[in-house]
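Visitor: The structure's right below; bear with me while I get my questions together.
The values are calculated or read from the model by the stated rules, or taken from the named source; none is laboratory data. Predicted, not measured: the structure shown is a model, and the values here were computed from it. So basically every Cβ, Gly included, is an ideal-geometry build from the backbone, and we count neighbours across all protein chains shown. Side chains are part of the model used for accessible areas, which takes the heavy atoms of the whole protein and leaves out ligands, DNA and RNA. Shrake-Rupley method; radii C 1.70, N 1.55, O 1.52, S 1.80 Å.
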Amino acid sequence: DVTEAFRDSGFGLFAKLVAAGNVVRAIPAPGAASRPRSFFDKLNNWARDEGKGGLGYIAIDEDGNGKGPIAKNLDDDRVKSILETCGLGNGDAVFFACGSEHDAASFAGVVRTRVCDELDLLEQNKFNFCWVVDFPMYELNEDTGKIDFSHNPFSMPQGGMEALESQEPLDILAWQYDIVCNGIELSSGAIRNHKPEIMYKAFGLAGYEADVVEKEFGGMLRAFKFGAPPHGGCAPGIDRMVMLLADEPNIREVIAFPMNQRAEDLLMQAPSEVSVEQLRELHIKLNLPKEKVKVEKTSEVEKEA
């Protein structure tokens, strides 16, 4: 996070965005300063193709001089602060993502992966596992300004009822966890919120009245009111494991019946036409556009004949 290095700085674009409440995330690119200008232009164009305004950068040559539009508009102390924060020095470069906290972090993650690929920094032929823990229980909806669940609303908050009653909602953590391998999520899990009184309170902080909770999740609530032990778990996806073992970047290549971008299963030829007899059996009546209704009625008449 290098937001403060750009606050009230000479780089007007980021300075204005920071003043409006946005943040700046830095993505280190070790050894990239020796790359030609075309390398940086290529990544800038890629960022625009991703729907962003571009991808700003600072490159530090072997003499310690900064290159790039951002470096020209930042004083030396600010550039030095950014390099120290990122652990970079002469011969290195750094890219920047600026936006709301969520958007900047999300795009910075994509940039990091792309930069690692371009600079061949990723370790090969190795599986690195990581547990992601301490998920925030709630997040602020940027559109509505209201508190929302950030992950799994049925998870137990860390600290239970005491945390819900004494902490600010955005400070509350949940007993949630992910297992990740080489950046691929294998499984998500959580410790279940099995106590009705804590569930009412947790949903209440997100704006759900008790009657709404009972209407939407009554079956589970009634079951828990009879008593349930603490429980939790996770279920790793075997297809994602096979994808990693096969070194296949597209999960569709390891699924027996994959769907395309239109959610069609070409091997099963699904979705497919449904006969009138099947619709009648299930008491389903179609409400299709007029031209399709006409075809359907014609088909029905032919079958009746």
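Visitor: Which numbered condition trips up GLN158, out of (1) in contact with a helix residue (DSSP H, G or I) (Cβ under 9 Å, 6 or more places away or on another chain); (2) at pLDDT 95 or above?
Guide: (1)
Visitor: Out of everything in segment 52-86 that is of a type in the set (S, T, N, Q) and assigned to a loop (DSSP other than H, G, I, E, B), what residue ends up being modelled with the lowest pLDDT?
Guide: ASN65
Visitor: Same structure, new question: Check whether at least one residue in segment 122-130 is assigned to a loop (DSSP other than H, G, I, E, B) and surrounded by 12 or more Cβ atoms within 10 Å (Cβ to Cβ), and report yes or no.
Guide: Looking through segment 122-130, none of the residues is assigned to a loop (DSSP other than H, G, I, E, B) and surrounded by 12 or more Cβ atoms within 10 Å (Cβ to Cβ).
Visitor: Looking at (1) closer than 30 Å to ARG35 by Cβ; (2) open to solvent by 80 Å² or more (accessible area, probe 1.4 Å); (3) among the basic types (Lys, Arg), can you tell me which one ARG114 breaks?
Guide: Answer for ARG114: the failing condition is (2).
Visitor: Just checking, does segment 245-262 include any residue being in a helix (DSSP H, G or I), within 29 Å of GLU139 (Cβ to Cβ) and open to solvent by less than 90 Å² (accessible area, probe 1.4 Å)?
Guide: Yes - at least one qualifying residue is present in segment 245-262.
Visitor: Sticking with this one: So which residues in segment 140-150 are open to solvent by 80 Å² or more (accessible area, probe 1.4 Å) and part of a loop (DSSP other than H, G, I, E, B)?
Guide: GLU142, ASP143, THR144, LYS146
Visitor: Let me ask another. Would segment 172-194 turn up any residue that is in contact with a helix residue (DSSP H, G or I) (Cβ under 7 Å, 6 or more places away or on another chain) and hydroxyl-bearing (Ser, Thr, Tyr)?
Guide: Checked against the condition, which is being in contact with a helix residue (DSSP H, G or I) (Cβ under 7 Å, 6 or more places away or on another chain) and hydroxyl-bearing (Ser, Thr, Tyr), segment 172-194 yields no hits at all.
Visitor: Anything in segment 93-109 that is free of Cβ contacts under 8 Å to residues at least 24 places away in the same chain and either assigned to a loop (DSSP other than H, G, I, E, B) or open to solvent by 50 Å² or more (accessible area, probe 1.4 Å) (or both)? List them, or say none.
Guide: ASP103, SER106
Visitor: Between ASN65, ASN90, ASN45, ASN22, which is surrounded by 16 or more Cβ atoms within 10 Å (Cβ to Cβ) and among the polar types (S, T, N, Q)?
Guide: When all the criteria are applied, what remains is ASN22.
Visitor: Identify, from the list ALA202, ALA163, the residue that is among the aliphatic types (A, V, I, L, M), part of a helix (DSSP H, G or I), crowded, with 18+ Cβ neighbours inside 10 Å and in contact with an Asp or Glu (Cβ under 9 Å, 6 or more places away or on another chain).
Guide: The conditions single out ALA163.
Visitor: Does PHE226 count as in contact with a strand residue (DSSP E or B) (Cβ under 8 Å, 6 or more places away or on another chain), hydrophobic (A, V, I, L, M, F, W, C) and loosely packed, with under 11 Cβ neighbours inside 10 Å?
Guide: no
Visitor: Somewhere in segment 28-47, is a residue within 23 Å of CYS116 (Cα to Cα) and assigned to a strand (DSSP E or B)?
Guide: Yes, segment 28-47 contains a residue that is within 23 Å of CYS116 (Cα to Cα) and assigned to a strand (DSSP E or B).
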